[in-house]
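Report on the following structure.
The values are calculated or read from the model by the stated rules, or taken from the named source; none is laboratory data. Note that the coordinates shown come from a computational prediction; the quantities given were computed from them, not determined experimentally. We place every Cβ from the backbone using ideal geometry, glycine too, and count neighbours over all the protein chains shown.
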Amino acid sequence: MSEQAQSKQKQAWLSSAGWDTVWIISPAFLSSAAVILARPHIPASQNIPLWVWVCFVLLIDVAHVYATLFRTYLSPKALEKNKTTLLALPLIAWIGGSLLYSLDGIYFWRALAYLAVFHFIRQQFGFVVLYSRHDPEPMKKFKWLDSLAIYMATLYPILFWHTNMPRNYSWFVAGDFFENLPDILTKIAFLFYVLVMAGYLLKELVILKKTVFFNIPRNLLIAGTALSWWTGIITFNSDMAFTITNVVSHGIPYMALVWLYHHEPAANQAKASEPKKSGQPILHAILSNVAIFFAFLALLAYLEEGLWDGLIWREHLGIFALFSALPTINDTVILALLVPFLALPQSTHYLLDGFIWRVKEKNNIWSA
């Protein structure tokens, strides 16, 4: 069979065309379409309705963070082989966060915001790498252009945000991004954005003609990323629009990826006859059904947000009635320890994500 014939059969779906399209690729398109179609009803304000906060922030954004547990602390092999890393990173995040918060709370939130942005961007880059693993040789020479395309699809909207302050949305809290960057940076970046995207499209057309191969998932992933980041950050100046596009296009694919990589192995191990380590039956039960998997993540998200609301924010006590009796913490010394501690699920998730998807290291326990 010729290389061209083989390449036609090797679309790099992670599971299948249907599964990948629904859970990894479509969220960016669907969330963008939803806010565009609902534009007359999307408020240009910093406030989001309670139902939006529950559906998108609580049940997707916060919940997806805990999916990392299945690849780290709830994985006996990962915990055994990477115990030092898994124990050290939360401690580093807590100590570093407390030091920043003790100087000024905004320093902590700013560091966490930029760490989050880096994490969100790297996730999209990671998907591009995964979806490029079956590319024919002529395409592999242009991986640098694929990387530039996904980075520009995400970095340009972030730069636009920085040069068009104030916006009606923040990543975490007001003022967490640097302000007053010169507008000339955006104009230069936009020119580079257009050149990179044009070069990427030209490369795809030339390679298509040469190899008769078109990488469907990679191209859809880059297009969806560009659409959702542009829509949520540039097209709208709305916390609601930003929240929906940002959270859905990131959180759902992440949960889906973790489920994909751990559901089948867990199911196979559950059927095996060898003795199971302590805690594994519970892990297999959670991974046996997608509804149970999501309910587990949602429960942890609810508990975390309940602590935040009871101790710090006190904005949604109608939902977190169980936590309403907690004392409101105002002491700056206690806050310097408490806030970074409550944020540990997020900060540890961001840091660990740099380790747990080692695509090229085939012998690594965290190899994708």
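Couple of notes before you dig in:
- Subset of the stretch 87-125 that is within 30 Å of Phe213 (Cβ to Cβ) and touching a helix residue (DSSP H, G or I) at 6+ places or on another chain (Cβ under 9 Å) - its residue that is surrounded by the fewest Cβ atoms within 10 Å (Cβ to Cβ): Phe125
- Considered as a group, the residues in the stretch 202-234 that are part of a helix (DSSP H, G or I) and of a type in the set (Phe, Trp, Tyr) include one that is surrounded by the most Cβ atoms within 10 Å (Cβ to Cβ), and that residue is Trp229.
- When the residues of the stretch 126-144 are filtered to those that are under 22 Å from the mean Cα position of the chain (by Cα) and aliphatic (A, V, I, L, M), the one that is surrounded by the fewest Cβ atoms within 10 Å (Cβ to Cβ) is Val129.
- Counting only residues that are surrounded by fewer than 22 Cβ atoms within 10 Å (Cβ to Cβ), under 19 Å from the mean Cα position of the chain (by Cα) and either at pLDDT below 95 or over 20 Å from Trp357 (Cα atoms) (or both), the stretch 20-33 holds 5 of them.
- Cβ-Cβ under 8 Å pairs, at least 6 apart or on other chains, the stretch 177-193 side in contact (Cβ under 8 Å) with a residue 24 or more places away in the chain, far side polar (S, T, N, Q) and part of a helix (DSSP H, G or I): Leu185/Thr163; Thr186/Thr163
- Looking across Leu103, Leu74, one residue alone is free of Cβ contacts under 8 Å to residues at least 24 places away in the same chain and over 19 Å from the mean Cα position of the chain (by Cα). It is Leu103.
- When the stretch 291-344 is filtered for residues that are in contact with a His (Cβ under 7 Å, 6 or more places away or on another chain) and modelled with pLDDT under 95, nothing remains.
- The residue pairs whose first member lies in the stretch 252-273 and is over 18 Å from Thr72 (Cα atoms), whose second member is modelled with pLDDT under 95 and among the β-branched types (Val, Ile, Thr), and whose beta carbons are closer than 8 Å, counting only pairs six or more residues apart or on different chains, do not exist in this structure.
- Single condition Asp146 does not satisfy, out of (1) in contact with a Phe, Trp or Tyr (Cβ under 6 Å, 6 or more places away or on another chain); (2) touching a residue at least 60 places away in the same chain (Cβ under 8 Å): (1)
Residue by residue, here is whether (1) of a type in the set (Ser, Thr, Tyr); (2) modelled with pLDDT under 95; (3) assigned to a helix (DSSP H, G or I); (4) in contact with a strand residue (DSSP E or B) (Cβ under 8 Å, 6 or more places away or on another chain) holds:
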{"position": "Ala44", "(1), (2), (3), (4)": "no, yes, no, no"}
{"position": "Asn47", "(1), (2), (3), (4)": "no, yes, no, no"}
{"position": "Cys55", "(1), (2), (3), (4)": "no, no, yes, no"}
{"position": "Glu80", "(1), (2), (3), (4)": "no, yes, yes, no"}
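- Single condition Thr68 does not satisfy, out of (1) among the β-branched types (Val, Ile, Thr); (2) assigned to a helix (DSSP H, G or I); (3) in contact with a Ser or Thr (Cβ under 7 Å, 6 or more places away or on another chain); (4) crowded, with 16+ Cβ neighbours inside 10 Å: (3)
- Members of the stretch 300-342 found to be of a type in the set (Val, Ile, Thr) and touching a Phe, Trp or Tyr at 6+ places or on another chain (Cβ under 8 Å), listed by number: Val339
- Restricting the stretch 145-164 to residues that are among the aromatic types (Phe, Trp, Tyr) and crowded, with 19+ Cβ neighbours inside 10 Å leaves a set whose member that is nearest to Glu179 (Cα to Cα) is Trp161.
- Index of the failed condition, Thr84 passing every other in (1) more than 30 Å from Ile334 (Cα to Cα); (2) β-branched (Val, Ile, Thr); (3) surrounded by fewer than 18 Cβ atoms within 10 Å (Cβ to Cβ): (1)
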